[in-house]
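Encoded as structure tokens, the structure appears first; notes follow it.
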Amino acid sequence: MKKNQYKKFISYLLVNTEVYGPAVQNEFLEIKKIDNVGEVLLNGRVAEHSFKDIFIPACEKLFTYKKNRLSEQKNKYPNTVALGMTIFDLEALNLLNHIYEKDPYYQARKKKILIIGQSYMANGTLNNKRYSENLEEDVLEHIEFDIFIERKSQDYQIISGSEKGSNVLDNFGYKNYDYIQFAGPIQERGLDNRMVKIRDKMKNHHNQKIWDDLGKRCIECGKCTIACPTCYCFRIEDEASLGKNSGSRIRCWDSCFYPEFSEVAGGHKFLNSTAERIYFWYYHKFVRIPDRLSIPGCVGCGRCTRVCPVGIDINETLDKILKS
């Protein structure tokens, strides 16, 4: 696809859908609602925050109740385009698809979202050591997308990954695209070798000094969990209205770094210190999720490092784990 066709394609999407994609805002590359084709910046860089809130809003009303009658919230999800999702974001989506496989709210919203990925990685944007591979079919066939845009110098190679993606391209009038069938999230080679070593070290060779040192630095702000595209924990809030015996139930993002996260009735907390909380977070990413789903809980986007106000670098921590 030539550059002028690409611009026409983005303009075509803007006509009848809400398009969200990477654009510069307040000097940062953010995921925002796109109003015109000139805003879109598909240069492969990882935006400050992920596409997570497009698929899972920070807060979402689930149902309302009045006396003994419950009414499920009837949300009208607009046709939406998630434009410019990087490999990192698409692999994170693999995980969310697993976790929310039977969640009707997530599934209803996802059906309305056209997923468009991008591949071009600008120099200096890869802050995590996980990726050393070039884009290849073995990667693309294990991430779920509708359309994928691979930058080739000044042109773009277009790949369809679903019937929905093919229909959109056909209706636009573009036929010169390839097709890759989604083969499931687990690659034939299994987990990345570095991930396997990290998992073994955390599971079988615990080094408490690492977590004690991090516990002295971490201020439990939870920014890393908000920026992380694979953090999916939430809390449930019941809000009573002024009317008698009525109210609503709301689901909101939560963080294992918050003191009340592990608190149960009676005031008992399963995570009592900052060191325990940060260890819990790493263990969930690098042991519990791989053991349960055979895919990594960390996709290597480096967002947690970029937003940390006290400079905790996930790569430095992982290096210490490997050397311990």
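The values are calculated or read from the model by the stated rules, or taken from the named source; none is laboratory data. Bear in mind the structure is a predicted one, so any value in this text is a computation, not a measurement. Note that we place each Cβ from the backbone using ideal geometry, even for glycine, and neighbour counts take in every protein chain shown. Please note that ligands, DNA and RNA were not included when accessible areas were found on the heavy atoms of the full protein model with its side chains. Shrake-Rupley method; radii C 1.70, N 1.55, O 1.52, S 1.80 Å.
Explain nothing, just the number: dipole magnitude of the stretch 145-234 about its Cα centre with +1 on each Lys and Arg Cβ and -1 on each Asp and Glu Cβ, in debye rounded to the nearest 20.
In debye, rounded to 20, the stretch 145-234 gives about 580.
Just the accessible area for Tyr100, please: 1.4 Å probe, Å², rounded to the nearest 10?
My reading of the accessible area for Tyr100 is about 10 Å².
Distance between Cα centroids, the stretch 93-115 to the stretch 1-51: provide it in whole Å.
Using only Cα atoms to place each centre, the spacing works out to 22 Å.
For the stretch 210-321, what does the relative contact order come out to in percent, with C-alpha contacts under 8 Å and a separation of six or more?
Relative contact order comes out at 32 percent.
So what's the back-of-envelope 222 nm ellipticity for the chain, counting only DSSP H runs of four-plus at -39500 (n - 2.57) apiece and dividing by all residues, rounded to 500?
-9500 deg cm²/dmol
Using the 4.7 Å Cβ rule, please list in number order the cysteines from the chain without any candidate partner.
So far as the 4.7 Å Cβ criterion goes, Cys218, Cys221, Cys233, Cys256, Cys298, Cys301, Cys308 stand without a partner in the chain.
For the stretch 1-103, max minus min Cα coordinate along each principal axis, in Å, sorted largest first?
Ordered largest first, the stretch 1-103 gives principal extents of 58, 29, 28 Å.
State in Å² the accessible area per residue of the chain; use a 1.4 Å probe, count heavy atoms of protein chains only, and round to the nearest integer.
On a per-residue basis, the chain sits at 51 Å².
Strictly over 26 Å apart at the Cα level, which of Lys52/Lys102; Lys33/Lys285; Lys74/Lys110; Lys74/Lys164; Lys152/Lys175; Lys52/Lys216 would you flag in this model?
Lys33/Lys285; Lys52/Lys216
Quick one: compute a quarter of the convex hull surface over the Cα atoms of the chain and quote it in nm².
19.3
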